[in-house]
Amino acid sequence: LLTENVAIHWHGIRQIGTPWADGTEGVTQCPILPGDTFTYTFVVDRPGTYMYHAHYGMQRSAGLNGMIVVAPAAAPGGRDAEPFAYDGEHVVLLNDWWHNSTYEQAAGLASVPLRWVGEPHSLLINGRGRFNCSAAVAGTCDATLPECAAPVFTVEPGKTYRFRVGSLTSLSALNFEIEGHTMTVVEADGHYVKPFVVKNLNIYSGETYSVLIKADQDPNRNYWLASNVVSRKPGTPTGTAVLSYYGGRTNPRRPPPTTPPTGPAWNDTMYRFQQSVATVAHPAHVEPPPPRSDRTILLLNTQNTINGRIRWALNNVSFTLPHTPYLVAMKNELLGAFDQRSPPETYAYQTYNIYDKPPNPNATTSDGLYRLQFGSVVDVVLQNANMLDANKSETHPWHLHGHDFWVLGHGIGRFDPAVHPATYNLKDPILKNTVAVHPYGWTALRFKADNPGVWAFHCHIEAHFFMGMGIVFEEGIERVAELPRDIMGCGKTKGGH
């Protein structure tokens, strides 16, 4: 970029052996300076559906994002072939959009009192959305322009299509459907799923899914692809695209004869919860998790007030990024670059009422991290709770860099370490890199700390990470190879470019 710093994260790519290419400013690299060139070099070790996006400030919200499709190396029908067949595929990237800049949004989030970003103005499908131009400044909006037309996805009658669906929304949890066509879920975050059929798909920021549809409806009309906000009271029009049958008698760009689907009730938490529980590994592709963990980190996710500012926190600690990236600081033993104290690993779960407004007695900020023993097995349990406003809890999609994790369980209510681990799914849990924590609920995950480096773990809602909803893990830093010089040059490494 010519006028801004930047860093690009390769979402879902584990960066085995190349932690400096993870693209997370403040964690694995200094930002790329305006006008500079930086080459990310890494190995893509697994087929699947992934994404890329900016990981500096709130640039992802400004549109620096896209999809990555990694094809299997094996021939169809071979030992490593995908466990499903299809005739063609389409890529669908879902997003949300604001007409005010990310600079304005970031300034509002850091202000006293807080100026919230508000609900998005549009929902996008492959970069296109709808907006009522009467609400825009005169002369700045023309919905009749060709580039404003809804995207069109074409299918041939009788054939089966794979739709690779990803979400990089800044705020919104979404529900996606293809009018008149059921979808069979077959992949999640690059891992094969035990197939299950849905009318519509709940998808959270940072997730990818593959679904199969059969083109078996009337070919002489068009059908809507629809994206709707869930888990928050919607204030945004439905995002739309068009499914058109090749050879049909309808112009592919003609709007379908129906109104766009509005999806399930936005506040039907159990509907979304049940889909999360239904997502397990394909029987022929189960990777069993280790039967037990070496360490458990229990994180209470709350909204707090710190020095008059509204922040998000884990166990009463709100995350801040250091000026010197952790990876650089730790490899160069720059101990003064960040807080050497580890954040708390648990909270007073026996007495804390997740349905009450948080008391916030000792909330603070920190850039400390969790040091993990290399090769150890780690459980993380994310506990959702009430926000500062009464009777309000939101869905949070959590993304782990550098790893996939086994999703061992979901629950509604307070997690009890003496009871709930006995309910974990150790038979066929799905491996993912992003998972939802539902309102007033908990999600348990397990991973092996076997990828040397420093890795962020955070809510994938852009404003929430900006406001402190994240942590960082270090593992095997002594095993990391010599760092490239061009990831340095900021903080205590100024002059290192």
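Region 331-349 and region 145-160 have Cα centres lying 50 Å from one another.
In this label model, D486 and D416 are separated by 5.6 nm, measuring between points 7 Å along each Cα→Cβ vector.
Solvent-free Debye calculation, one equal scatterer per alpha-carbon of region 84-278: log10 I(q)/I(0) at 0.12 Å⁻¹ equals -0.63. Counting only protein heavy atoms and using a 1.4 Å probe, the accessible area of V91 comes to about 50 Å². Residues whose amide H comes within less than 5 Å of that of T182, counting only those at least five positions distant or on another chain, are absent (H built at 1.01 Å from N in the peptide plane). Measuring between their Cα centroids, region 6-50 and region 212-273 lie 34 Å from each other. Potential lengthening of the chain between R295 and D389 amounts to 30.5 nm, from the contour at 0.36 nm per residue minus the alpha-carbon distance.
With a cut-off of 13 Å between beta carbons, the residues surrounding R115 carry a summed charge of 0, where Lys and Arg count +1 and Asp and Glu -1. For A281, nonlocal amide neighbours, meaning residues 5 or more places apart or on other chains whose placed amide H falls under 5 Å from its own, are K194, I430.
Which net charge results for the neighbourhood of T279, defined as the other residues with beta-carbon distances under 9 angstrom from its beta-carbon, given Lys and Arg at +1 and Asp and Glu at -1? Neighbour charge sum, excluding T279 itself: +2. Using a probe of 1.4 Å, the accessible surface attributed to I471 totals some 10 Å² when neighbouring protein chains are kept in position.
Subtracting the Cα-Cα distance of M270 and D87 from their residue separation scaled by 0.36 nm leaves 62.5 nm.
What the phi angles of region 301-316 give under the Karplus curve with 6.51, -1.76 and 1.60, with θ = phi - 60°, is a coupling list of 9, 10, 9, 10, 10, 10, 6, x, 9, 7, 10, 9, 8, 10, 6, 6 Hz, glycine and proline written as x. Taking every protein chain into account, the accessible area of the chain amounts to 41 square angstrom per residue (probe 1.4 Å).
Pairwise inverse Cα distances across region 405-497, averaged and inverted, put the Kirkwood hydrodynamic radius at 16.3 Å.
Counted by Cβ distance under 9 Å from E207, the other residues give a net charge of 0, where Lys and Arg count +1 and Asp and Glu count -1.
With θ taken as phi - 60° and the Karplus curve 6.51 cos²θ - 1.76 cosθ + 1.60 applied, the whole-hertz 3J(HN,Hα) list for region 52-59 is 9, 6, 4, 9, 9, x, 10, 5 Hz, x standing for glycine and proline. Sequence-ordered 3J(HN,Hα) estimates for region 286-300 from the Karplus curve with 6.51, -1.76 and 1.60 and θ = phi - 60° stand at 7, 10, x, x, x, x, 8, 9, 8, 7, 10, 10, 9, 10, 8 Hz, glycine and proline given as x. Each peptide in 267-274, 439-446, 24-31 gets a packing score, the mean of other Cβ atoms within 10 Å over its residues, and the list from highest to lowest is 24-31, 439-446, 267-274. Projecting the Cα atoms of N251, Y192, F473 onto the dipole axis of the chain, where Lys and Arg carry +1 and Asp and Glu carry -1 at the beta carbon, places N251 farthest toward the positive end. Here is the list for region 321-380: trypsin sites (Lys or Arg not before Pro) lying in DSSP coil, each with at most 12 other C-beta atoms within 10 angstrom of its C-beta, are R341. Among the cysteines of the chain, those whose beta-carbon sits 4.7 Å or more from every other cysteine beta-carbon are C148, C459.
Estimated purely from DSSP H runs of n ≥ 4, each contributing -39500 (n - 2.57), the mean residue ellipticity at 222 nm for the chain is -1500 deg cm²/dmol once divided by its residues.
Largest accessible area first, the residues R311, R292, R60 order themselves as R292, R311, R60 under a 1.4 Å probe with ligands, DNA and RNA left out.
Report note on the peptides 132-144, 253-265, 230-242: ranked by the mean count of other C-beta atoms within 10 Å, highest first, their order is 230-242, 253-265, 132-144.
As a fraction of the 1.4 Å probe accessible area of the chain, surface on carbon and sulfur atoms comes out at 53 percent.
The values are calculated or read from the model by the stated rules, or taken from the named source; none is laboratory data. Just so it is clear, the model here is predicted, and its values are computed rather than measured. Cβ: placed from backbone, ideal geometry, glycine included. Neighbour counts: every protein chain shown. We work out accessible area using only protein heavy atoms, side chains counted, and drop any ligands, DNA or RNA first. Shrake-Rupley method; radii C 1.70, N 1.55, O 1.52, S 1.80 Å.
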